[in-house]
Amino acid sequence: MSVQLEVDQELQEKMSGWYREFHQYPELSMQEFETTQKIAGELQKMGVNLIELGTSVGVVGVIDGNGPGPEVVLRADIDALPIQEQSGLPFASQVQDVSHMCGHDFHTSALLGAASLLLRNRNSWSGRVKLLFQPGEETTAGAKYMLEKGALTGGEKAIFGLHNAPFLPAGSVGIRSGPFFAAADTLHIQITGRKGHAALPHLTVDATVAASAVVMGLQTAVSRAVNPLDPAVVTIGSLHSGQGHNVVSDLAEMWGTIRTFSQAVRNLLYETVPRIVKQVAAGYGATAEVEILPQTPEVNNDPGLTASFREAALMVVDPGRLVDVEPIMAAEDFAVYQQKLPGCYFLLGTGDPSQHVEAPWHDPKFRVNERVMPLAASLLAASAIHHLSQPSMAAVAPSTGD
Ligand code: NI
């Protein structure tokens with residue numbers, strides 16, 4: 001089998017063009033209408049068949065190899081963030097307060113590039129590769145949505161996806177077997193007190209004071225309730241209370257997030273967080289309502305598939321570029337697919353201070369590294385081709401409509 005996974009000059013220029021266009025016209029989660037059109041158009045130009053899902057956001061395309069065989073999925077996310085870009089790039093976002101500050105434009109362009117590589121190498125592999133361009137990763141709504149719309153049919157054997165990583169050196173590949181990204185739950189708290197004159201606090205129940213104590217009390221939810229050897233985070237990201245400088249607030253509202261790696265710790269915090277909130281608030285004479293909204297399970301990389309990905313990566317990079325990375329408390333709804341089929345999520349290092357690529361994800365000065373984009377395409381294509389060529393995969397009978 002001879003496979004040519006190098007991105008040539010022509011494809012590199014195409015990828016840069018796609019990336020810069022996506023970058024200039026970012027769209028928020030589940031509103032990626034133009035982005036979807038653009039992706040579908042480029043895939044059709046290449047001759048990729050699209051699966052009609054009846055959606056206006058998100059695209060699924062399929063490429064068949066030179067014979068029957070199993071099916072693997074390559075996934076990229078396509079959405080942007082509600083952040084005003086300050087990258088200083090000449091092709092910065094043209095949309096006020098919306099920008100690709102997580103680099104999903106890079107992932108999208110890389111998967112389009114991978115499609116082109118898969119087509120060029122079509123005679124070297126058999127089976128089917130499904131290209132899944134997913135909306136709404138940032139809100140963790142997109143993976144569920146794509147599953148509901150039938151993006152996966154149940155016959156797929158594996159799924160691969162990637163994220164750029166400015167904290168890893170450009171061109172390195174971050175690999176992790178087992179738990180990788182945390183499970184996430186959204187926390188919503190309302191503290192109710194009694195309104196009154198700011199100068200007569202003894203006649204009120206101050207929701208702001210109670211809420212402040214709740215925020216401080218929650219700092220012990222992890223440090224005192226969870227085994228120190230189990231990673232967990234409880235963060236209150238937003239707190240709003242009251243309307244005027246001379247009125248005691250009767251309502252404080254908070255939003256936060258809970259991150260965990262095991263269902264046992266998740267269950268423990270489901271119990272501990274409401275208890276602390278309600279009892280601390282009660283101590284101030286206030287009442288509290290607590291809602292915990294599950295967002296996404298943890299990304300848990302299949303060991304066998306991760307081993308297969310490691311071999312695939314070595315088709316395009318030197319062994320010295322492979323980095324074993326630690327788990328990360330961020331969440332990623334790639335995890336939702338992993339509930340259905342084995343998956344391997346990996347990181348591609350983009351960090352390069354000489355190219356001003358060092359700001360973290362979601363920072364207004366965030367940048368990706370266009371020089372690494374060809375490698376992203378090669379890695380995606382390699383992961384599919386290599387996995388489809390495994391003897392254990394070839395032994396799998398072609399799907400007969402299961
Ligand atoms: Ni992201």
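The values are calculated or read from the model by the stated rules, or taken from the named source; none is laboratory data. The structure displayed is predicted, hence computed values, not measured ones. Using ideal geometry, Cβ is built from the backbone for each residue, glycine included, and neighbour counts are taken over all protein chains shown. Areas reflect the complete protein model, heavy atoms only, side chains present, ligands, DNA and RNA absent. Shrake-Rupley method; radii C 1.70, N 1.55, O 1.52, S 1.80 Å.
A few points about this structure:
- Apportionment of accessible area to carbon and sulfur, the chain, percent (1.4 Å): 52
- Gained length - Lys45 relative to Thr235, 0.36 nm times residue gap less alpha-carbon distance: 63.8 nm
- Descending by average beta-carbon neighbour count within 10 Å, the peptides 347-356, 75-84 line up as 75-84, 347-356, the highest first.
- Under a 5 Å amide H cut-off, with hydrogens placed 1.01 Å from N, Asn164 pairs with Leu348 among residues at least 5 apart or on other chains.
- Summed over the residues of the range 183-296 and divided among them, the accessible surface reaches 52 Å² per residue at a probe radius of 1.4 Å.
- FRET efficiency estimate (nearest 0.05) - Cβ-Cβ, Gln86 to Phe33, R0 30 angstrom: 0.70
- Dividing the convex hull volume of the alpha carbon atoms of the range 183-296 by its residue count gives 82 Å³ per residue.
- Net length available on complete extension from Asp363 to Ser2 is 125.8 nm, with 0.36 nm assigned per residue and the Cα-Cα distance removed.
- Assigned charges on the beta-carbon of Lys, Arg, Asp, Glu; the chain dipole about Cα centre (debye): 480
- 19 Å Cα-Cα threshold exceeded, pairs from Lys38/Lys365; Lys45/Lys130; Lys144/Lys365; Lys14/Lys38; Lys14/Lys45: Lys38/Lys365; Lys144/Lys365
- Remark: the range 245-362 carries a charge dipole of roughly 280 debye about the Cα centre, counting +1 on each Lys and Arg Cβ and -1 on each Asp and Glu Cβ.
- Computed from the Cβ-Cβ distance with R0 of 51 Å, the FRET efficiency linking Glu21 to Gln263 stands at 0.75.
- Sequence of Ser172, Ser241 from largest to smallest accessible area, 1.4 Å probe: Ser241, Ser172
- Put the Cα centre of the range 141-220 next to the Cα centre of the range 311-383 and the gap is 22 Å.
- Taking the charge dipole of the range 282-402 about its Cα centre, with +1 at Lys and Arg Cβ atoms and -1 at Asp and Glu Cβ atoms, the residue from Val316, Pro327, Pro294 reaching farthest to the positive side is Val316.
- Relative contact order, percent, the chain [alpha-carbon distance under 8 Å, six or more residues apart]: 25
- Most mobile of Phe91, Phe366, Phe181 in a GNM of the chain (Cα contacts under 10 Å): Phe91
- Counting 0.36 nm for each residue step from Gln9 to Glu311 and taking away their Cα separation leaves a gain of 106.2 nm.
- Here Asp64 and Glu253 are evaluated by their C-beta separation; at R0 = 60 Å the FRET efficiency comes out at 0.70.
- For the chain, the 222 nm mean residue ellipticity estimated from helices alone, with every DSSP H stretch of n ≥ 4 adding -39500 (n - 2.57) and the total spread over all residues, rounds to -10000 deg cm²/dmol.
- Charge dipole (the chain, unit charges on Cβ, about Cα centre) - positive-most of Gly237, Gly47, Pro353: Gly237
- Listed residue (Ala377, Ala165, Asn267) projecting farthest to the positive dipole end of the chain, Cβ model: Asn267
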